[in-house]
1. If you take the residues of region 65-82 that are among the charged types (D, E, K, R) and open to solvent by 20 Å² or more (accessible area, probe 1.4 Å), which of them is nearest to Gly33 (Cα to Cα)?
2. Does Asp135 meet the test of being out of contact with any helix residue (DSSP H, G or I) (no Cβ under 8 Å at 6 or more places or on another chain) and at pLDDT below 75?
3. Looking at region 139-189, which of its residues are among the basic types (Lys, Arg) and closer than 23 Å to Asn30 by Cα?
4. Give Leu34, Leu39 a once-over and let me know the one that is within 15 Å of Tyr83 (Cβ to Cβ) and either touching a residue at least 60 places away in the same chain (Cβ under 8 Å) or not hydrophobic (A, V, I, L, M, F, W, C) (or both).
5. Counting just the residues of region 147-189 that are open to solvent by 60 Å² or more (accessible area, probe 1.4 Å) and part of a loop (DSSP other than H, G, I, E, B), which one comes out modelled with the highest pLDDT?
6. Is it fair to say Glu121 is open to solvent by 70 Å² or more (accessible area, probe 1.4 Å), among the acidic types (Asp, Glu) and modelled with pLDDT of 60 or more?
7. Residues to consider are Ala22, Ala64; find the one that is touching a residue at least 12 places away in the same chain (Cβ under 8 Å), touching a Ser or Thr at 6+ places or on another chain (Cβ under 9 Å), closer than 18 Å to Trp7 by Cβ and among the aliphatic types (A, V, I, L, M).
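The values are calculated or read from the model by the stated rules, or taken from the named source; none is laboratory data. None of the values given here were measured: they were computed from a predicted structure. Cβ sites come from the backbone with ideal geometry, for glycine too, and all protein chains shown count toward neighbours. We work out accessible area using only protein heavy atoms, side chains counted, and drop any ligands, DNA or RNA first. Shrake-Rupley method; radii C 1.70, N 1.55, O 1.52, S 1.80 Å.
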Amino acid sequence: MEKSEEWLVRGMSEQNPAALEAIMDLYASNIYGLVHRILQGAVSREDIEECVSDVFAAAWNRTAEYEPRRGSYKTWLLILAKYKALDYRRRLRPENRSDKMLAETELTAGTDTEQIVLDRETQEEFLALIDRLEDKDRIIFYRRYYYYESVEEIAAAVGLTAKAVENRLYRARKKLKERMKTIRTEGIS
């Protein structure tokens with residue numbers, strides 16, 4: 001019997017091991033694929049597997065942060081995986097060690113809480129703008145910038161040429177940039 005997403009989310013928030021096992025069965029291959037695409041060539045296979053495990057551990061501990069109105073639990077897990085993998089990539093690549101030390105120094109030197117709040121609001125506005133893109137453009141945008149798929153993979157999946165996908169991405173970025181500029185200008189007034 002397949003469990004509903006509602007059951008899975010409730011089970012994860014209640015820290016029910018059966019829910020975690022079901023989540024892992026359902027989404028492990030998706031999460032592994034995304035983490036692998038982000039980390040491939042930068043880290044070892046063991047690091048990739050450790051990152052995937054950390055994604056599930058983070059989901060176990062942070063399910064209360066999931067907001068159903070913003071998307072499915074699978075999407076939330078994939079976004080969690082994306083950011084976890086990017087963190088791994090930055091942390092484990094040797095050339096980024098000095099960048100990491102600089103970032104830690106900046107954080108300990110003082111973090112502007114107002115800027116953090118503004119950044120979070122900007123992210124929410126940006127996601128809302130992405131949601132307003134035409135269906136095909138939105139799918140292409142997410143597949144490229146959230147799932148890190150190649151232009152060729154996206155073109156094959158949506159039935160367009162690679163050039164058409166690149167053009168749609170260019171127009172979507174341009175449209176988003178213009179809308180964000182308008183939002184910022186209106187916010188200053």
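1. Selected residue: Lys74.
2. No: the conditions fail for Asp135.
3. Once the filter is applied, which keeps residues that are among the basic types (Lys, Arg) and closer than 23 Å to Asn30 by Cα, region 139-189 yields Arg143, Arg144.
4. Working: Leu39 fails: either touching a residue at least 60 places away in the same chain (Cβ under 8 Å) or not hydrophobic (A, V, I, L, M, F, W, C) (or both).
Among Leu34, Leu39, only Leu34 is within 15 Å of Tyr83 (Cβ to Cβ) and either touching a residue at least 60 places away in the same chain (Cβ under 8 Å) or not hydrophobic (A, V, I, L, M, F, W, C) (or both).
5. Filtering region 147-189 for residues that are open to solvent by 60 Å² or more (accessible area, probe 1.4 Å) and part of a loop (DSSP other than H, G, I, E, B), the one modelled with the highest pLDDT comes out as Thr161.
6. Against the criterion (open to solvent by 70 Å² or more (accessible area, probe 1.4 Å), among the acidic types (Asp, Glu) and modelled with pLDDT of 60 or more), Glu121 qualifies.
7. Only one candidate passes the filter, namely Ala64.
The rows are residues; the columns are (1) open to solvent by 30 Å² or more (accessible area, probe 1.4 Å); (2) of a type in the set (S, T, N, Q); (3) closer than 26 Å to Arg90 by Cβ.
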{"residue": "Glu5", "(1), (2), (3)": "yes, no, no"}
{"residue": "Gln15", "(1), (2), (3)": "yes, yes, no"}
{"residue": "Ala18", "(1), (2), (3)": "yes, no, no"}
{"residue": "Ser44", "(1), (2), (3)": "yes, yes, yes"}
{"residue": "Val55", "(1), (2), (3)": "no, no, yes"}
{"residue": "Ala59", "(1), (2), (3)": "no, no, yes"}
{"residue": "Thr63", "(1), (2), (3)": "no, yes, yes"}
